[in-house]
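None of the figures in this text is laboratory data; all of them are computed from the coordinates on show. A quick note: this is a predicted structure, and the numbers were derived from the prediction, not measured. When we count neighbours, we look across all protein chains shown, and the Cβ atoms used for this are built from the backbone with ideal geometry, even at glycine.
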Number of protein chains: 2
Amino acid sequence: MPLSEFTLIYRYFSALGRGEAVDLSVGDDCAILHLDATERLATSVDTMVEGVHFPADSFPEDIGFRAVSAAVSDLAAMGARPIGMTLALTLPEADELWLHAFSQGVAAAVAEYRLPLVGGDTTRGPLTITVQVLGALPATQALLRGGAAPGDELYVSGTLGDAAAALAFLAGDWRPPPDHAEYLLDRFNRPRARIALGRELLGRASAAIDISDGLLADAGHVAAASGVKLLIEPALLPLSPALAAHPSRQQAIQWALTGGDDYELCFSLPAGETAPAGCTRIGRAIAGSGVDCGLDVDMAAGYQHF
Amino acid sequence: MPLSEFTLIYRYFSALGRGEAVDLSVGDDCAILHLDATERLATSVDTMVEGVHFPADSFPEDIGFRAVSAAVSDLAAMGARPIGMTLALTLPEADELWLHAFSQGVAAAVAEYRLPLVGGDTTRGPLTITVQVLGALPATQALLRGGAAPGDELYVSGTLGDAAAALAFLAGDWRPPPDHAEYLLDRFNRPRARIALGRELLGRASAAIDISDGLLADAGHVAAASGVKLLIEPALLPLSPALAAHPSRQQAIQWALTGGDDYELCFSLPAGETAPAGCTRIGRAIAGSGVDCGLDVDMAAGYQHF
């Protein structure tokens, strides 16, 4: 007898539903959560499709972890505290081994972000994972895209281009040494959303966004929302040792500028503000519009779903 | 040049994002909503896949309206006030005509339920629609599945089996007269979630659920969560004139018992409580477990995704 969706959901996910803000978890028509009286709700949704957002031969553990991280990254970019998520899973068949492995990856992300899974839906169809995240924000604060002003300095967290380099390695386009390859694959498969950094930036950063579609594309959203021009200096872009070791520095910079999926934060600080540890200044805001990095970059290499 | 996902989302959906509880809508990394200080958050997620949850030749307007209604129905079943939703749309291609029509259906649902669309994600892949709904509940009240007690009376809203009869008509299994066919198709394509009824039942009903998988299946969830046995009398099931006119009463009752997609509410009231208008008593709760309708029903005819 085929497993019913209820059996699937309860068997694999109901243990992941406990959390501080959760009054009622998986098992009724809705989950119920509470916020503190002075908090507001932040919410975002993110879908991953097999063959579009991850290679068809990805490990289910990685698919689960990465799908949650990608959604949580939007909470980080707002400076929100994670309180819960729902997961809508469309599966070609009820494959218990696959589901078990996938649930391990989701469980790792639940632990990493202290983000309980409070609801879900399982349907039959082509493999698609949609994660909706819920977070809490102080009543009067949020990191928005629209606050950068001329004179502000532009920063990013971590290193850029690693996930794009990993995909190029998987496609056979280059062959890094084994330890570099392992590092890059981990960056693609197990991105860490910058929740702690986002909360540290609340009240300090004038604008912020997470880099999911590539630095130039995402910085473009900040420039447009803020009504400024962003100047980015390619020489300042932080590259991992693995990426810096690529034989073509031009290729490495291209990935750092246009590769998506790193889930680092890009943010602006008023001049003179000290950036948090692990962040690198990459440029600044001036009057004008758009993003200028002084290079003729192939933007099509950046990620576009259509 | 293909449309980017941002262009798609902004063109069709950004006008639907205003609402009382919405502080920041589509356009940043997250939406921001607020609850009243005495309220809690109710949330649920629902996915519809082409060819599984709706026929492949459905009108995009109907797909949009119905996907939202199915998700909103879970808010109704908790007694929650809708405050916002997000929509994750996976599309085979960026078809502007399809998107325009689909957005009309979503817009009709936004108006029907006063439920602003505050966030979304558009990806390329097989047609899949995931709607996450957000609602507000009083701090100390919710309609749960687990509160029915022996002696309570069991009720449903509206009429049952219409959506299943519509699907049978579409499959060519029977041929109702044109006005009945039109009514039944409207019931399948444009289900109305029972938000007002849910809020009316808050503090009165001992248990409630929405009927999305079929009366017997969903009543089974109430019975299990409440630790009671539910007796359902087939002769009491409310049938629409269109369904009552079916040549086989046995078939009509079968659809009413096992057909999904009607999105009516099934709820229990303590004996002596008067039911709201438009609701019908169909049975009662006694000590025991499971659901008994006195018939040998083919449960496989009820909806199971796997």
- Query: According to the square roots a ≥ b ≥ c of the eigenvalues of the Cα gyration tensor, what is the shape class of the stretch A:1-102, taking rounded for a/c under 1.5, prolate for a/b larger than b/c otherwise, and oblate for the remainder?
  - Reply: oblate
- Message: Going by average Cβ density within 10 Å per residue, which order do the peptides B:273-285, A:239-251 take, highest to lowest?
- Response: B:273-285, A:239-251
- Message: Need one number: % antiparallel among DSSP beta bridges in chain B, to the nearest 5.
- Response: 75
- Label model pair B:Ala235, B:Asp36: point-to-point distance (7 angstrom along the Cα→beta-carbon line) in nm is 4.6
- Note on the structure: Computed from the beta carbon distance with a Förster radius of 45 Å, FRET efficiency for A:Ala271 and A:Ser14 to the nearest 0.05 stands at 0.35
- State to the nearest 20 debye the size of the charge dipole of the stretch A:171-306 about its Cα centre, where the only charges are +1 on K and R beta carbons and -1 on D and E beta carbons. 340
- Per-residue HN-Hα couplings for the stretch A:81-92 [Karplus 6.51, -1.76, 1.60; θ = phi - 60°; Hz; x = Gly/Pro]: 8, x, 10, x, 8, 10, 10, 10, 10, 9, 10, x
- Message: Viscosity 1.306 mPa s, temperature 10 °C: what is the translational diffusion coefficient of the stretch A:153-301 from Stokes-Einstein with a Kirkwood Rh over Cα pairs, rounded to a whole number of µm²/s?
- Response: 103
- Taking the Cβ of A:Ser226 as the centre, find all other residues whose Cβ is under 11 Å away and add up their charges (Lys, Arg: +1; Asp, Glu: -1). +1
- Tell me, what HN-Hα J-couplings in whole Hz come from the Karplus equation 6.51 cos²θ - 1.76 cosθ + 1.60 at θ = phi - 60° for each residue of the stretch B:240-250, using x for Gly and Pro? 5, x, 5, 6, 4, 7, 5, x, 10, 5, 4
- Query: Plugging the Kirkwood radius over Cα pairs into Stokes-Einstein for chain B, at a temperature of 10 °C and a viscosity of 1.306 mPa s, what D comes out in µm²/s?
  - Reply: 79
- Taking the Cα centre of chain B as origin, sum charge times position over the Cβ atoms of Lys and Arg (+1) and Asp and Glu (-1), and report the length of that vector in debye to the nearest 20. 660
- Note on the structure: Averaged over the residues of B:11-20, the number of partner chain Cβ atoms within 10 Å of each residue's own Cβ comes to 0
- Query: To the nearest whole number, what is the average tally of beta carbon atoms from other chains within 10 Å of the beta carbons of peptide A:129-140?
  - Reply: 4
- Taking chain A and counting helices only, DSSP H stretches of n ≥ 4 at -39,500 (n - 2.57) each over all residues, the nearest-500 ellipticity at 222 nm comes to -10000 deg cm²/dmol
- Task: Quick one: grab the alpha carbon gyration tensor of the stretch B:84-236, order the square roots of its eigenvalues as a ≥ b ≥ c, and give me rounded if a/c is under 1.5, else prolate or oblate depending on whether a/b is larger than b/c.
- Result: oblate
- Message: Under the 0.36 nm per residue contour assumption, what length would be gained going from the current alpha-carbon distance of A:Ala139 and A:Ala287 to full extension?
- Response: 50.2 nm
- With the 8 Å Cα cutoff and a minimum separation of six or more residues, the stretch B:153-301 has a relative contact order in percent of 44
- For B:Gly147, enumerate residues with amide H under 5 Å from its amide H, sequence gap 5+ or separate chain, H modeled in the peptide plane. B:Ala208
- Note on the structure: Long-range share for the protein assembly as shown, i.e. C-alpha pairs more than 42 Å apart as a percent of all pairs, stands at 24
- DSSP-defined beta bridges in the stretch B:5-138 - what % are antiparallel, rounded to 5: 70
- So who's got an amide H within less than 5 Å of the one on A:Thr123, skipping anything under 5 residues away but keeping other chains? H placed 1.01 Å off N, in plane. A:Leu89, A:Thr90, A:Leu91
- What ³J(HN,Hα) values, in whole Hz, does the Karplus curve 6.51 cos²θ - 1.76 cosθ + 1.60 give for the stretch B:190-201 when θ = phi - 60°, with x put for Gly and Pro? 10, x, 9, 5, 8, 4, 5, 5, x, 5, 5, 7
- Where a ≥ b ≥ c are root eigenvalues of the Cα gyration tensor, a/c under 1.5 meaning rounded, otherwise prolate if a/b exceeds b/c and oblate otherwise, the stretch A:230-286 counts as prolate
- Query: Is there a simple number for the mean count of other chain Cβ atoms within 10 Å of the Cβ of residues in A:80-87, and what is it?
  - Reply: 2
